[in-house]
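The values are calculated or read from the model by the stated rules, or taken from the named source; none is laboratory data. Computed from a predicted model, the values in this text were never measured in an experiment. Here the Cβ positions follow ideal geometry from the backbone for every residue, glycine too, while neighbour counts run over all protein chains shown.
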Amino acid sequence: MTRDHRLFIRPISVADLPARGRGVTVEASPEERARIAREFGLVAINALSGAYHVTPTARGARLKGKVAARIRQTCVVSLEPFDSELDEEVDLAFAAALEPGEGGVMQGDTLSISPDEEDPPEPLEGGMIDLGSVTLEFLALGLDPYPRKPGVELSVEFSPDGVEEEKSPSPFAVLAGLSRKPADKP
């Protein structure tokens, strides 16, 4: 499912960064958190922020930092809401224009990427990085798709090997005794 990253927009211009970079913190407002919670299928987001250091590079920028969130979600076992915290490390490179095959090897129309190499840089569009979009992306990456409330276990009982459990009779079993018998002829 694609997420609407326009829910939380915090652009920063790479051209305005000092050579040593800049520390930037972004925080979602209560209204933004409510919309993001609905979009992500969460009961609530009590806090959502990103603390970053953005440094200019020869071709773009480097973004390092952390996304932190306090969320309320529903347990997939008990269906009870519970609170949890999220901390996701962020380390991304941004480049104004990617060279053909950058981050991998071009083979015809296919780009082959080695899992051992560093990830290719993210596209830097219009000289801007949207820190809100980055924050939402790492929030989504940190969410457990099957959240469980601490201490809740799924009780599953298995029968011993080779022993079949008694099956309850079918509701149609009564009909088996009502088979049609030919009427006695006088």
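Which of the residues belonging to the stretch 131-152 are under 11 Å from the mean Cα position of the chain (by Cα), assigned to a loop (DSSP other than H, G, I, E, B) and either aliphatic (A, V, I, L, M) or buried (at least 19 other Cβ atoms within 10 Å of the Cβ) (or both)? Lay out the reasoning, then the answer.
Of the stretch 131-152, the ones under 11 Å from the mean Cα position of the chain (by Cα) are 136-146.
This time we only want the ones that are assigned to a loop (DSSP other than H, G, I, E, B), so: 143-146.
L143, the sole residue that qualifies.
For the stretch 120-130: of the residues being within 11 Å of A61 (Cβ to Cβ) and under 21 Å from the mean Cα position of the chain (by Cα), which is surrounded by the fewest Cβ atoms within 10 Å (Cβ to Cβ)? Before you say what the answer is, go through the steps one by one.
Filtering the stretch 120-130 down to residues within 11 Å of A61 (Cβ to Cβ) leaves 121-122, 124, 127-129.
Subset that is under 21 Å from the mean Cα position of the chain (by Cα): 121-122, 129.
Numbers: P121: 20, E122: 18, I129: 25.
Result: E122.
Out of the strands (runs of 3 or more DSSP E) lying entirely within the stretch 1-94, which hold 1 or more residues that are surrounded by fewer than 17 Cβ atoms within 10 Å (Cβ to Cβ), touching a residue at least 40 places away in the same chain (Cβ under 8 Å) and among the small types (G, A, S)? The strands (runs of 3 or more DSSP E) meeting that bar are 11-13, 44-56.
Yes/no per residue for (1) β-branched (V, I, T); (2) modelled with pLDDT of 90 or more:
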{"position": "A34", "(1), (2)": "no, yes"}
{"position": "R38", "(1), (2)": "no, yes"}
{"position": "P56", "(1), (2)": "no, yes"}
{"position": "A69", "(1), (2)": "no, yes"}
{"position": "E85", "(1), (2)": "no, yes"}
{"position": "E99", "(1), (2)": "no, no"}
{"position": "M106", "(1), (2)": "no, no"}
{"position": "T110", "(1), (2)": "yes, no"}
